[in-house]
Every structure is written in structure tokens, then in C-alpha cells.
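This report refers to the structure that appears directly beneath it.
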Amino acid sequence: MRAIQIAALTGPRDALREVELPDPEATHFMTPGRGVVVEVHAAGVSFPELLQTRGEYQVKPDLPFVPGSEVGGVVVSAPNGAEVSEGDRVAAFCMLGGFAETAVAPEHFVFPLYDGLDFAQGAGLVLNYHTAYFSLVTRGRYAPGETVLVQGAAGGVGTAALQLAKGLGARTIGVVSSDEKERVAREAGADEVVRSDGAWKDEVKELSGGGVDIVIDPVGGDRFTDNLRALREGGRCVVVGFTGGSIPEVRVNRLLLNNIDAVGAGWGAYVFSKPDVVSAIGAEVGRLAAEGFVRPIVGARFPLSDAADALELLDSRGATGKVVLEVR
Ligand SMILES: NC(=O)c1ccc[n+]([C@@H]2O[C@H](COP(=O)([O-])OP(=O)(O)OC[C@H]3O[C@@H](n4cnc5c(N)ncnc54)[C@H](OP(=O)(O)O)[C@@H]3O)[C@@H](O)[C@H]2O)c1
């Protein structure tokens, strides 16, 4: 099979090489001896792959390795007892190995691809939506009718968080950096959009009548203190990622004075040992897809050979929605 490997830790342009490899066996490191083999039609490109080209992600396989955390494709084979079978269209989270013509995923991380979603959308369905659901509901303790502020609102996690929040009955506000990103955030369901280079914290407080209930923050950096200031009493700021570059520090007196929470949401660390939680979140994402709320926005498509271009788009802050490699 054709695949893209990370062969050095020198950043997206120079780290990648295209190779021919044998097809993988039907086994996954999370479920040794068992695995669903998927004919990959589209591979999702995400921030972890970008960080892996620099050795900056927490998952650091020996070089060379095939990156790619999730795919949309067709089941080639599935173990006895799996809920999918040969020929099914699926969205699958494989964690590694997705930038290839064939990939393997644990069976609890393989979900039927709902009618109306194409393979590229399937390649954007697990990492972002499960993370967004976990951040909003499991960790953020979302209650129906609350107001949710989403940073990086036109990005992969951001658009997923907006769609899920709308599906769960929230009022939503997105923070973005450009006109094009504002358009994408509105398409994803933002009721209001404010600009990251403006007085967004004050605008958010005004739009929300004094403060929001939840902030979903995949950006971090120097926005974090204003995230806390944008919360109402009892509000929760959920830490999801640090695309802004720096890891913010919190003066915890702010939490005390305003009776607010700063909450970490590490989806993988929480769910990898809990297949039941994965299935429960998958069922909720599936329900919201069936109701028409979950519709991954594919912002850019590249052929597999151009994986470096796809990663550079993320690196340059140019991506909207999900970036996808079309493998077939
Ligand atoms: N906690 C978890 O379990 C978990 C799971 C999945 C992903 N993540 C993390 O979540 C983060 C977001 O992932 P994503 O796939 O949504 O990324 P993405 O699609 O690239 O979106 C990230 C957004 O961050 C904003 N941003 C601000 N400063 C940036 C900069 N210097 N470079 C790039 N983007 C910048 C951009 O929005 P504006 O230009 O509008 O500001 C961009 O749209 C990543 O850090 C990822 O590792 C965490």
C-alpha cells in the first residue's frame, strides 16, 4: 500500500516521505490480536500530526512511522462480535497509521458513517467531535440552554463544538481572526461571532448579559485570562489545546473571587482505557448526526502525496474546519 511516513523530526515540509509498505495485519496496539481493517478513502489531518513532525506531541513512536489519527473508509475485515462488518462505510479512529491506503482501528473506535456524510466528513468525525463532546458535556458539565463561548471557532475542534452545542440547545458565541473564519463559524452554528484582535471579552460579556457559562478553549496563549473574565458566576473554562503556542498560567485568585472553574479536557488520556465511554459519546454524536446537527465542515482537500502541504496549512493558521487527504 501507499503511505506517508514521518522519517525525521524536522517539521512538516522535510519530515515526510511517501513509501510502499505491506498492508497492516488485523491487530491494533490498543486491542492486540484484534482490529478492524479499513480501506482508507480519506484521512483526517489534525494538529497532533503537525506536532509529531517536530517530536512535540505526547505520542512519540519510533521513526519512521505512519501518522494519521482518523479515517473515513470501507471495512475490509472486522473481528467476530464487532458492530461493523465487511463493506460498511465507517468513520474510524486509528490513532496512528491513517495516512495510508489501509489502516487498522480498535473496534470500539469504528462508527457507521451516517447517510449523507461522505468519506472526507467521516475523516473528521471522531477526534474533533468526540473531543468537543467530552469537553462540553463530560468535563464542562453543560446544561441545556447555557451560553457557550468557543475559541478557534472556525477550526476543527471549534466547528465541532459549535455544531454539538447547537444540537444540545446552547446559545453560541465564536471567536475568530478573519472574515473567512467568521463565515465558517456562522455556518457551524455560531449565533454571534467576535474577533480575536478586538475587544472580544467585553463584547462577549455584553452579548451574554454578563458572562458565558462555558468557554471551550483549544487556543490557550494570551487569551486565557480574558476567557476567565468572560465567565459568569459558576462558569467553566475548559482547556482543550494550545494552538496559540504558549501554555497559559492561571492566577488562581481569579477562580476564588468569581467562583469559576478552570477544567482540563484530555480526551485521549480519559477515554483510551474506557471503551464504554467511547461508545456512549459515539452514540450521542451519532444521534446528533441523525438529527442533522453534526455535519463536519471540510475546509481543504489534498491528495495523499501532498500531506506536507496539508500540515503546513494548519501550521500557518490557514485551515478552516477539517483538513483531509483524499487517498483514493
Ligand atoms: N484535549 C484534547 O483531548 C484534544 C483533542 C484534539 C485536539 N486537541 C487540540 O486542540 C487544538 C485545536 O485543534 P484543531 O484541530 O481544532 O486545530 P485547527 O483546526 O488548526 O484550529 C485551531 C484554531 O486555533 C487558532 N489559532 C490561534 N493562534 C494560532 C496559531 N498561532 N496557529 C494556529 N492556529 C491558531 C486558529 O483560529 P483563529 O485564527 O480564528 O484564531 C485556528 O482556527 C490543538 O492544539 C489540538 O492538539 C486537543
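Only the coordinates and a few stated rules stand behind these numbers; no lab work does. Just so it is clear, the structure is predicted and the values come from calculations on it, not from any experiment. Because the Cβ atoms are built from the backbone with ideal geometry, glycine has one as well, and the counts that use them run over all protein chains shown.
For PHE65, the amide hydrogen comes within under 5 Å of the amide hydrogens of ILE6, counting only partners 5 or more places away or on other chains and with H modelled in the peptide plane.
The overall shape of region 123-192 is oblate: from the C-alpha gyration tensor, with semi-axes ordered a ≥ b ≥ c, the ratio a/c is 1.5 or greater and a/b is no larger than b/c. Spin-label model, ARG17 to LEU255: label points 7 Å out along the Cα-to-beta-carbon direction sit 4.7 nm apart. Across the options GLY116, ALA132, THR53, the greatest Cα extent toward the positive end of the charge dipole of the chain (unit charges at beta carbon of Lys, Arg, Asp, Glu) belongs to ALA132.
Annotation: amide H-H contacts under 5 Å for VAL193 (H modelled 1.01 Å from N, sequence separation of 5 or more, or interchain): GLY174. Each part gets one Cα centre, and for region 261-328 versus region 243-257 those centres are 26 Å apart.
Each label was represented as a point 7 Å from its Cα along the Cα-to-Cβ direction; for ASP62 and ARG317 these points are 3.9 nm apart. Among ARG232, ARG54, ARG287, the ranking by other beta carbons within 10 Å of each residue's beta carbon, starting with the fewest, stands as ARG287, ARG54, ARG232. Estimated at 0.36 nm per residue, the fully extended path between SER77 and GLU187 surpasses their Cα-Cα distance by 36.0 nm.
With the charge dipole of the chain set up from +1 on Lys and Arg Cβ and -1 on Asp and Glu Cβ about the Cα centre, the Cα lying farthest toward the positive end among the listed residues VAL240, PRO275, VAL157 is that of VAL240. Highest-first packing order for the peptide set 63-74, 111-122, 216-227 is 63-74, 216-227, 111-122, based on the mean count of other beta carbon atoms within 10 Å.
Cβ crowding within 10 Å, taken as a proxy for footprinting-reagent exposure, orders SER316, SER196 from fewest neighbours to most as SER316, SER196. Between ASP179 and ALA26, the contour length at 0.36 nm per residue exceeds the Cα-Cα span by 50.5 nm. The count of lysine pairs in the chain that are at least 8 places apart or cross chains, and whose C-alpha atoms lie under 29 Å apart, stands at 12. Taken about its Cα centre, the chain carries a charge dipole of about 820 debye when Lys and Arg each add +1 at the Cβ and Asp and Glu each add -1 at the Cβ. Amide H contacts of GLY234 (H built 1.01 Å from N, in plane; Pro and chain starts excluded): ILE260 sit under 5 Å, all sequence-distant by 5 or more or on other chains.
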